[in-house]
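Let me begin by presenting the structure, written as structure tokens, before commenting on it.
The values are calculated or read from the model by the stated rules, or taken from the named source; none is laboratory data. Predicted, not measured: the structure shown is a model, and the values here were computed from it. FYI the Cβ positions are ideal-geometry reconstructions off the backbone, even for glycines, and counts take in every protein chain you see.
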Amino acid sequence: MIVDVAFLPMAAVGIERKVCVVIDALRASASIVAMLDAGAPEILLAATVDEARRLVAAARARYWLVGEVGGQPPADFDHGNSPTELRAADLRGREVVFATSNGTRALVGLAAAPAVFVGGVVNGSAIAARAVDEAARRGLGLEIVCSGDDGGTLLSLEDLASAGVLVELILARFPRRVAAEAPEAAAADVVALDESAEAARRLYRSFLAAGVPPLPPDPAALVGAFDAARHRRYLARVGYEVDVRHCRHPDSSRALPLLARRGERLAIVPAP
């Protein structure tokens with residue numbers, strides 16, 4: 001199995017031959033996990049807040065509108081893109097529609113992949129195990145896709161460091177590792193890292209203190225990686241430091257968000 005990392009959604013190529021894991025570390029991945037943990041049976045996706053408004057316009061009372069623009073909830077939305085807010089919410093009784101600046105855009109763009117999961121530090125161990133099993137079962141590669149910043153046009157340090165954590169968790173599930181170009185890399189019990197995955201792994205490791213192992217995911221290293229990110233600094237300025245702390249906390253959930261089709265719409269559902 002070959003594992004690679006797309007530093008931005010536009011770098012994800014050949015997705016029809018890959019199981020994908022989408023990361024929006026601050027904050028959509030954690031918000032999706034929180035909504036599933038809060039009882040949402042599924043989460044309808046919208047690429048923009050305007051699309052979300054159009055989707056619910058005919059029957060507003062049937063829906064929870066959740067999302068953000070510039071990190072802040074629109075005035076007519078029920079909840080923002082805040083995992084700490086959402087994990088305490090009661091999301092039963094209505095359908096959820098979710099729109100964010102980066103994460104939902106990335107998910108919509110990967111709809112052609114055979115299987116797309118949502119992951120991050122908060123559900124890293126669970127999602128890495130499930131993605132590996134799915135890719136092995138289908139005989140496919142595995143790609144971790146970073147959502148990025150500014151509509152998916154700028155590299156996100158926290159996404160890439162989180163991808164490095166997932167790469168470490170994926171590697172731990174294989175008895176053997178070979179070079180990505182080796183022909184035997186297709187064997188079910190062998191993993192090969194593309195250079196992009198090796199780069200993400202080394203970035204995460206660069207935040208580890210001397211002598212600290214990469215697994216289990218190291219909280220101190222994650223503090224360093226997230227604190228170095230521009231979006232973390234912005235969220236702290238606008239009052240969401242508690243969300244940053246939540247998003248960098250390893251394995252707080254076992255949720256397995258999976259992209260699914262609902263007629264002409266895309267939704268996130270718990271993986272069976």
Practice item. State yes or no: is VAL56 assigned by TED's automatic domain parsing to the domain that holds GLY239, of a type outside the set (D, E, K, R) and in a helix (DSSP H, G or I)? Key: no
Review point. Do the conditions hold for ALA135, that is, is it touching a residue at least 24 places away in the same chain (Cβ under 8 Å), assigned to a helix (DSSP H, G or I), small (Gly, Ala, Ser) and surrounded by fewer than 20 Cβ atoms within 10 Å (Cβ to Cβ)?
Key: no
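Can you tell me which residues in segment 100-123 are assigned to a strand (DSSP E or B) and farther than 17 Å from VAL33 by Cβ?
Across segment 100-123, the qualifying residue is only ALA115.
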Exercise for review: Can you confirm whether segment 149-156 contains a residue that is closer than 19 Å to SER31 by Cβ, among the β-branched types (Val, Ile, Thr) and in contact (Cβ under 8 Å) with a residue 12 or more places away in the chain?
Suggested key: no
Point to revise | Unique match (being modelled with pLDDT under 95, out of contact with any His (no Cβ under 7 Å at 6 or more places or on another chain), under 25 Å from PHE117 (Cα atoms) and buried (at least 18 other Cβ atoms within 10 Å of the Cβ)) among ALA229, ALA221, ALA185 | key: ALA185
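Take segment 138-158 and flag every residue that is among the polar types (S, T, N, Q), buried (at least 24 other Cβ atoms within 10 Å of the Cβ) and more than 18 Å from LYS18 (Cβ to Cβ).
Matches in segment 138-158: SER156 only.
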**Study point:** Candidate set from segment 62-91 (those that are modelled with pLDDT under 95 and not in a loop (DSSP other than H, G, I, E, B)); member that is surrounded by the most Cβ atoms within 10 Å (Cβ to Cβ)
**Key:** VAL69
Practice item. Just one of (1) closer than 22 Å to ALA229 by Cβ; (2) part of a loop (DSSP other than H, G, I, E, B) trips up ALA34, so point out which. Key: (2)
**Study point:** Matching entry among GLU241, GLU195 (being assigned by TED's automatic domain parsing to the domain that holds ALA163, in contact (Cβ under 8 Å) with a residue 12 or more places away in the chain, on the phi < 0 side of the Ramachandran plot and not hydrophobic (A, V, I, L, M, F, W, C))
**Key:** GLU195
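Residue-wise test of (1) in contact with a helix residue (DSSP H, G or I) (Cβ under 9 Å, 6 or more places away or on another chain); (2) in the same structural domain as HIS246 (by TED's automatic domain parsing).
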| site | (1), (2) |
| --- | --- |
| ASP76 | yes, no |
| ASN123 | yes, yes |
| ARG137 | no, yes |
| GLY152 | yes, yes |
Exercise for review: Looking only at segment 180-188, decide whether some residue is small (Gly, Ala, Ser), farther than 15 Å from CYS146 by Cβ and in contact with an Asp or Glu (Cβ under 9 Å, 6 or more places away or on another chain).
Suggested key: yes
Exercise for review: Please verify whether segment 4-25 includes one or more residues that are more than 18 Å from GLY109 (Cβ to Cβ) and either in the same structural domain as ALA131 (by TED's automatic domain parsing) or not in a helix (DSSP H, G or I) (or both).
Suggested key: no
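Would it be correct to say that ARG54 is surrounded by fewer than 23 Cβ atoms within 10 Å (Cβ to Cβ), of a type in the set (Lys, Arg) and free of Cβ contacts under 8 Å to residues at least 12 places away in the same chain? Write out each step before concluding.
Values: surrounded by fewer than 23 Cβ atoms within 10 Å (Cβ to Cβ): yes; of a type in the set (Lys, Arg): yes; free of Cβ contacts under 8 Å to residues at least 12 places away in the same chain: yes.
Judged against the criteria, ARG54 is a match.
Quick check, is VAL97 over 22 Å from LEU235 (Cα atoms), surrounded by fewer than 24 Cβ atoms within 10 Å (Cβ to Cβ), of a type in the set (A, V, I, L, M, F, W, C) and in contact (Cβ under 8 Å) with a residue 40 or more places away in the chain?
No.
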Point to revise | Flag for ALA128 being surrounded by 19 or more Cβ atoms within 10 Å (Cβ to Cβ), in contact with a Pro (Cβ under 8 Å, 6 or more places away or on another chain) and of a type in the set (Gly, Ala, Ser) | key: no
